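The values are calculated or read from the model by the stated rules, or taken from the named source; none is laboratory data. These numbers were taken from a predicted model, which means no experiment stands behind them. Don't worry about glycine lacking a Cβ; one is built from the backbone with ideal geometry, like all the others, and counts go over all protein chains shown. We work out accessible area using only protein heavy atoms, side chains counted, and drop any ligands, DNA or RNA first. Shrake-Rupley method; radii C 1.70, N 1.55, O 1.52, S 1.80 Å.
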Amino acid sequence: MPDSDTGAPPRVVLVTAAALAVALAVAVAVFAVTQRSSSDDVGPLPLVPVPAPFAASPGCTTLLGAMPAELTSNGKSLKVRELAAPAPPATVAWGADDPLVLRCGLNRPPELTPTAALRLVNGVQWLQVPGEGASTWYVVDREVYAALTVPDSAGTGPLQTISDTVAAKLPAKPLKF
């Protein structure tokens, strides 16, 4: 029995259109997955060296050995990032875009004065030094000075996690001005 003319496109056209739509959806999904995995592999992070005369101290060795392999910032997982050679001593970084960087064994920050505003985070005293697009937070009440540079886009999770690690591994010491 012949098909009656209903005004609908022929079945072969409908099947072809559906197959093309599915193929397009698969192509978009594959593209998204490959883009995500390539952004995770951004290569080593180049960092400029800063004076860290106490980078080889036992305190830095203890602290860096206890650092987590992953931090959470704004619900996003930030993995430890490889540092480009020559890597600064006693330094670790997390995240691909706007990485967080922890340096240990630094000199006393000049901003640390008796009137400096300190913040207590999970038992650790920090001195915040704001910068353009990021702030550097200095641990000021332990045997070594460490600095965590945090981009403005990061949440408070990394600072809390690092504070927990500092508090667990390095005993508090009186402030030195």
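Restricting attention to the range 112-130, the residues that are closer than 11 Å to ALA147 by Cβ and either of a type in the set (D, E, K, R) or open to solvent by 50 Å² or more (accessible area, probe 1.4 Å) (or both) add up to 1.
Applying the set (1) surrounded by 14 or more Cβ atoms within 10 Å (Cβ to Cβ); (2) in contact with a Lys or Arg (Cβ under 6 Å, 6 or more places away or on another chain) to GLY105 leaves exactly one unmet item: (2). Restricting the search to strands (runs of 3 or more DSSP E) fully inside the range 69-145 and requiring at least 1 residues that are farther than 22 Å from LEU47 by Cβ and either modelled with pLDDT of 95 or more or of a type in the set (D, E, K, R) (or both) gives 70-73, 118-121, 124-130.
Annotation: of all residues in the range 133-149 being of a type in the set (A, V, I, L, M, F, W, C) and open to solvent by 20 Å² or more (accessible area, probe 1.4 Å), the one that is nearest to MET67 (Cα to Cα) is TRP137. Just one of (1) out of contact with any Leu (no Cβ under 9 Å at 6 or more places or on another chain); (2) surrounded by 20 or more Cβ atoms within 10 Å (Cβ to Cβ) fails for ALA85. It is (2).
Every residue in the range 73-91 that is within 18 Å of ALA56 (Cβ to Cβ) and within 10 Å of the chain's Cα centre (by Cα), please. Selection gives nothing.
Based on what the data block shows, is TRP94 surrounded by 14 or more Cβ atoms within 10 Å (Cβ to Cβ) and either farther than 25 Å from GLY75 by Cα or in contact (Cβ under 8 Å) with a residue 60 or more places away in the chain (or both)? Yes.
In this structure, ASP164 does satisfy being of a type in the set (D, E, K, R) and assigned to a helix (DSSP H, G or I).
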